[in-house]
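Peer 1: A single structure is presented below for examination.
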Amino acid sequence: MDIGIQETRHFELALPAGSVFQFEAGQFLNIMVPAAGANPAFKRPYSIASPPHWANRIDLCWKRIHGGKATEYLWGLKQGDTIKVQGPLGRFVLKRPLPKRIIFVSTGTGIAPFRSIIAWLLEQEKPAIEIHNLFGNRYDEDILYLEEFESWAKKNPNFHNIFTVSRPKKWTGEKEYVQNLIKKYFPQPDSTHIYICGLTKMIEEVVQTATALGYAKDQIFYEKYD
Ligand SMILES: Cc1cc2nc3c(=O)[nH]c(=O)nc-3n(C[C@H](O)[C@H](O)[C@H](O)COP(=O)(O)OP(=O)(O)OC[C@H]3O[C@@H](n4cnc5c(N)ncnc54)[C@H](O)[C@@H]3O)c2cc1C
């Protein structure tokens, strides 16, 4: 079975009329995949990619894993289909009190909870702190929400993006892995929280780099997707 990443898509779920879904930025939900033939029903977790204050709407972004059980179901959905979800779940939310600087580090769909948290911070809380979005992808065209993040940075002088592409085609920006960019841009750990989301290997490498720079365990928080 070929299990390779094909592409990523953004989905928007509308809530049934009159229903309320309360959650905290950074949380995830379980999508209930119904039984099909001899295959029993099961569930898979997906981070909520929109903030709580975008009313009546839940955004998700899904990476297509060819041969992946949930992926096959999710990518077969058509506009107007109904799905069942369970949640909100998880404790990957902002740790209080906020420090003077927050660095969000992600790769691929690991950006999802950070889109939610960053939108919440910039549009609702508006804290007087530095907010950095360090986002790694393999190819130029993989960078989810690029224009949106750039527009947020234009409007908010305290919000900064660092996009990096490890196998660039036309990309002329950063090309290093995210862990190397922690070393380059954020060597000083004072009053900083680092949040990391994505696959385990990347998370472990970022934690290792940050720890070597002097970041303490209680300054680093992460959510593993695999
Ligand atoms: C808290 C949490 C939040 C998550 N949020 C998201 C999200 O917002 N978007 C999203 O796309 N996924 C997210 N995931 C991963 C998601 O739950 C599924 O694991 C993923 O969609 C694959 O499910 P599947 O049933 O299609 O594949 P499966 O049939 O379960 O597995 C196929 C294979 O692909 C591997 N795999 C799973 N995810 C990846 C990946 N990202 N890259 C490479 N290989 C992978 C698995 O280890 C397995 O070997 C999240 C996981 C967790 C724990």
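The values are calculated or read from the model by the stated rules, or taken from the named source; none is laboratory data. Small disclaimer: the values here were computed from a predicted structure and weren't measured. Here the Cβ is made from the backbone with ideal geometry for all residues, glycine too, and neighbour counts use every protein chain on show.
Peer 1: Might you let me know whether segment 114-137 holds any residue that is surrounded by fewer than 15 Cβ atoms within 10 Å (Cβ to Cβ), touching a strand residue (DSSP E or B) at 6+ places or on another chain (Cβ under 9 Å), closer than 23 Å to Asp59 by Cβ and not aliphatic (A, V, I, L, M)?
Peer 2: Checked against the condition, which is being surrounded by fewer than 15 Cβ atoms within 10 Å (Cβ to Cβ), touching a strand residue (DSSP E or B) at 6+ places or on another chain (Cβ under 9 Å), closer than 23 Å to Asp59 by Cβ and not aliphatic (A, V, I, L, M), segment 114-137 yields no hits at all.
Peer 1: So Gly76 fits all but one of (1) closer than 30 Å to Gln124 by Cα; (2) surrounded by fewer than 11 Cβ atoms within 10 Å (Cβ to Cβ); (3) within 13 Å of the ligand (Cβ to nearest atom); what number is the exception?
Peer 2: The single condition Gly76 does not satisfy is (1).
Peer 1: Condition test on Leu94, is it within 14 Å of the ligand (Cβ to nearest atom) and not assigned by TED's automatic domain parsing to the domain that holds Gln188?
Peer 2: No.
Peer 1: Now, a different point. Could you pull out the residue among Gly67, Gly37, Gly108 that is near the ligand (Cβ under 8 Å from one of its atoms) and exposed (fewer than 15 other Cβ atoms within 10 Å of the Cβ)?
Peer 2: Within the list Gly67, Gly37, Gly108, the selection yields Gly67.
Peer 1: If you go through segment 183-199 one residue at a time, do you hit one that is within 24 Å of Gly90 (Cα to Cα), in a helix (DSSP H, G or I) and within 16 Å of the ligand (Cβ to nearest atom)?
Peer 2: no
Peer 1: Kindly establish whether Ser166 is over 17 Å from Cys61 (Cβ atoms) and within 15 Å of the ligand (Cβ to nearest atom).
Peer 2: yes
Peer 1: Go through segment 81-172 and tell me which strands (runs of 3 or more DSSP E), entirely inside it, have 2 or more residues that are within 20 Å of Arg44 (Cβ to Cβ) and modelled with pLDDT of 95 or more.
Peer 2: By residue number, 84-89, 101-107.
Peer 1: While we're looking at this one, here's another question. Answer with yes or no whether Phe42 is of a type outside the set (D, E, K, R), surrounded by fewer than 16 Cβ atoms within 10 Å (Cβ to Cβ), near the ligand (Cβ under 9 Å from one of its atoms) and in contact (Cβ under 8 Å) with a residue 12 or more places away in the chain.
Peer 2: yes
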